[in-house]
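This report concerns only the one structure given below.
The values are calculated or read from the model by the stated rules, or taken from the named source; none is laboratory data. Computed from a predicted model, the values in this text were never measured in an experiment. Here the Cβ positions follow ideal geometry from the backbone for every residue, glycine too, while neighbour counts run over all protein chains shown. Accessible surface areas use protein heavy atoms only, side chains included; no ligands, DNA or RNA. Shrake-Rupley method; radii C 1.70, N 1.55, O 1.52, S 1.80 Å.
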Amino acid sequence: MKGLWTPAWIARHVLALAGVAFCLGMGWWQLGRAAGGNAISWGYTLEWPVFAGFVAFLWWREVQLARHGGKPQPQKAPAENAPAEESGAPVKVRRPVRVATRAVPAEDDADLAAYNHYLAWLAAHPAARPVDYPGFTEK
């Protein structure tokens, strides 16, 4: 328990208490605004105490992890159909196998052949404009 009273942990305790106090104070302030006629503040009146509870939960969780040395809790027995893994064994990532296939070239597609010829011409003439292409037709 001595580890929870080091200067770093004292700062964490103070910060957690300040966070809870701040959230509860903001909830109280929103309650006053809501009672004064601000309808939106009713939602914030309920929201700020939830934030305070979250800060308290995080503080409690960190204290528990520090007290138990970050040891994981005992787990339930694995299900019957779950694969048996050795403790400390590396995790195996199984990925689907994809087999590369070659696309069948469409030699009979005249538009594709013309477009490929146009791209080859542009690659051979990098300074040329598309309108300089010999087969250019204005639409």
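With every protein chain kept in the model, how would you rank Tyr133, Tyr115, Tyr44 by accessible area, 1.4 Å probe, largest at the top? All intermediate terms of the calculation are to be shown ahead of the outcome.
Numbers: Tyr133 35, Tyr115 125, Tyr44 95 Å².
Ranked from most to least accessible, the order is Tyr115, Tyr44, Tyr133.
For the residue pair Ala39 and Lys92, what label-to-label distance in nm results when each label sits 7 Å from Cα along the Cα-to-beta-carbon direction?
The modelled label-to-label distance comes out at 6.1 nm.
Kindly sort Leu4, Leu24, Leu112 by accessible area of their heavy atoms, largest first, with the probe set to 1.4 Å. Present the calculation step by step, with values, prior to reporting the outcome.
Working: Leu4 10, Leu24 90, Leu112 70 Å².
Of Leu4, Leu24, Leu112, the descending order of accessible area is Leu24, Leu112, Leu4.
If you rank Ile40, Ile10 by how much accessible surface each has, with a 1.4 Å probe, what is the order from largest down?
Numbers: Ile40 120, Ile10 75 Å².
Most to least solvent-accessible, the answer reads Ile40, Ile10.
Could I have the simple spin-label model distance between Arg12 and Thr101, label points 7 Å from Cα toward Cβ, reported in nm to one decimal?
5.6
Rounded, prolate or oblate for the stretch 88-139? Axes are the square roots of the Cα gyration tensor eigenvalues, ordered a ≥ b ≥ c, and the cut-off for rounded is a/c under 1.5. Write out the running numbers ahead of the final one.
Values: a/c = 5.12, a/b = 2.56, b/c = 2.00.
In terms of gyration-tensor shape, prolate.
Could you state how much accessible area Val50 has, in square angstrom rounded to the nearest 10, with a 1.4 Å probe and all protein chains kept in place?
Probe radius 1.4 Å; accessible area of Val50 about 100 Å².
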